[in-house]
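The values are calculated or read from the model by the stated rules, or taken from the named source; none is laboratory data. This one's a predicted model, so the numbers in the text were calculated from it and none came from an experiment. A quick note on method: Cβ atoms are made from the backbone with ideal geometry, for glycine too, and the neighbour counts reach across all protein chains shown.
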Amino acid sequence: ADGPLVLGIETSCDETGVGIVRGTTLLANVISSSMDEHARYGGVVPEVAARAHLDAMQPALEAALAEAGVTLDELDAIAVTSGPGLAGALMVGVGAAKALALATGTPLYAVNHLVGHVGADVLRDDGSDLELPTIALLVSGGHTSLLHVRDLVDDVELLGETIDDAAGEAFDKVARLLGLPYPGGPQIDRVAADGDPAAIRFPRGLTLPKDLVRHRYDFSFSGLKTAVARWVERRRDEGGAVPVADVAAGFREAVADVLLTKALAACADLGVPRLLLGGGVVANARVRQLALERCAAAGVELRVPPLSLCTDNGAMIAALGAQLVSRGHAPSPLDFGADSTLPV
Ligand code: KG4
Ligand code: ZN
């Protein structure tokens, strides 16, 4: 394999990711998660995440270099997520990347986390190339965004994003109110399998006709979460048992429906026959199934990278860095900071 040898560092949320690629070939993808430390709080605690990155960074770096069988001085470039994400968490990765770049004289590239999720697609080993343009639906505990990607390096447009909670966050919060452990997404998914998705109809946020003008591609999940909370409360007040499986199935259906309705509307409106999925919520069985069904019906090609590349990881950042190097882009001046709201 050829192409530049690039190390990628990702610390935007609770995963410390260090990946190494050569061009579009994945050499190492080491991930250390602080998820367990956040469990008792029911969500990611920023300072806890930042401290965990500091602890995990050096071991993850060494493990990635060992896995790839390369040394620091062989690297052609280093890429790091500079945003968006949790400020303190980002700073640990940016600081580590700058230190490495300075110490070894390696060019450093600051990259966008969301675009990194799209970049992950080039690492698929099924031999198929990422075709552009594509619509990208990126859904995790930290973000819910719809992108129009015409060029991976310099033509990515944010079509819409959540105006309140991320979809994964909604899964985690609803799981909590149903008494399921953190992270709630996989739990809801498991429980929902035994429920009837049509038993309770929960609201689809921002899909009213008036919303489809101003917020056509934006998402909102806090109203849905509240609707579930109210429903459960009412049932408990009435002294009835909460049908957890039906609530989970109805909630999961509402989330999946909104996500894919908006993603496919973007494909249709913009005439883009391709949809790429990314982020931890892609693990959701109903999201995947509905994506398959709706894309097939609409004649849209569906791209779903393997889950290890969908959740936050360093390899996707390295892959994006390699694209920048291959295209002859100049490295970032070393004075860049961590930008929690970095635009695409
Ligand atoms: O991309 P990811 O690993 O990173 C962060 O956002 O940090 O996504 C984690 C999120 C969590 O909110 C988790 O509950 C959700 O993805 N998630 C799921 C499933 N698996 C993980 N949500 C729904 N269904 C799942 N099967
Ligand atoms: Zn992410």
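In segment 108-121, the residues that are under 23 Å from Asp335 (Cβ atoms) form Cβ pairs under 8 Å with partners that are hydrophobic (A, V, I, L, M, F, W, C) and within 11 Å of ligand 2 (Cβ to nearest atom), at six or more places apart or across chains, as follows: Val111/Ile317; His113/Ile317; Leu114/Leu138; Gly116/Met316; Gly116/Ile317.
Quick check, is Glu62 without any contact (Cβ under 8 Å) to a residue 12 or more places away in the chain, of a type in the set (D, E, K, R) and either over 20 Å from Gly280 (Cα atoms) or within 13 Å of ligand 1 (Cβ to nearest atom) (or both)? Criteria met by Glu62.
When residues of segment 45-66 are filtered for being within 21 Å of Leu307 (Cα to Cα) and surrounded by fewer than 22 Cβ atoms within 10 Å (Cβ to Cβ), how many remain? Final tally of qualifying residues: 1. For segment 264-287, give me each residue that is more than 16 Å from ligand 2 (Cβ to nearest atom) and surrounded by 17 or more Cβ atoms within 10 Å (Cβ to Cβ). Within segment 264-287, Leu264, Ala265, Ala266, Cys267, Val272, Arg274, Leu275, Arg286 qualify. For segment 174-198, taking the residues that are assigned to a loop (DSSP other than H, G, I, E, B) and of a type outside the set (A, V, I, L, M, F, W, C), the one that is nearest to ligand 1 (Cβ to nearest atom) is identified as Pro183. Evaluation of Ser12 against the conditions (1) in contact with a Leu (Cβ under 7 Å, 6 or more places away or on another chain); (2) over 24 Å from Ala167 (Cβ atoms); (3) buried (at least 22 other Cβ atoms within 10 Å of the Cβ); (4) of a type outside the set (Phe, Trp, Tyr) shows that the sole unmet condition is (2).
In this structure, Glu161 qualifies as of a type in the set (Asp, Glu) and within 16 Å of ligand 1 (Cβ to nearest atom).
Looking only at segment 305-312, decide whether some residue is more than 15 Å from ligand 2 (Cβ to nearest atom) and in contact with a Leu (Cβ under 8 Å, 6 or more places away or on another chain). Scanning segment 305-312 turns up no residue that is more than 15 Å from ligand 2 (Cβ to nearest atom) and in contact with a Leu (Cβ under 8 Å, 6 or more places away or on another chain). Of all the criteria given as (1) over 22 Å from His148 (Cβ atoms); (2) out of contact with any helix residue (DSSP H, G or I) (no Cβ under 7 Å at 6 or more places or on another chain), the one not satisfied by Val118 is (1). Residue selection: Thr16 fails the criterion of being over 21 Å from the mean Cα position of the chain (by Cα) and not assigned by TED's automatic domain parsing to the domain that holds Pro181. For segment 288-305, a tally of residues being more than 16 Å from ligand 1 (Cβ to nearest atom), buried (at least 18 other Cβ atoms within 10 Å of the Cβ) and more than 16 Å from the chain's Cα centre (by Cα) returns 3. Inside segment 199-222, residues that are of a type in the set (Phe, Trp, Tyr) and outside any loop (DSSP other than H, G, I, E, B) make up a count of 1.
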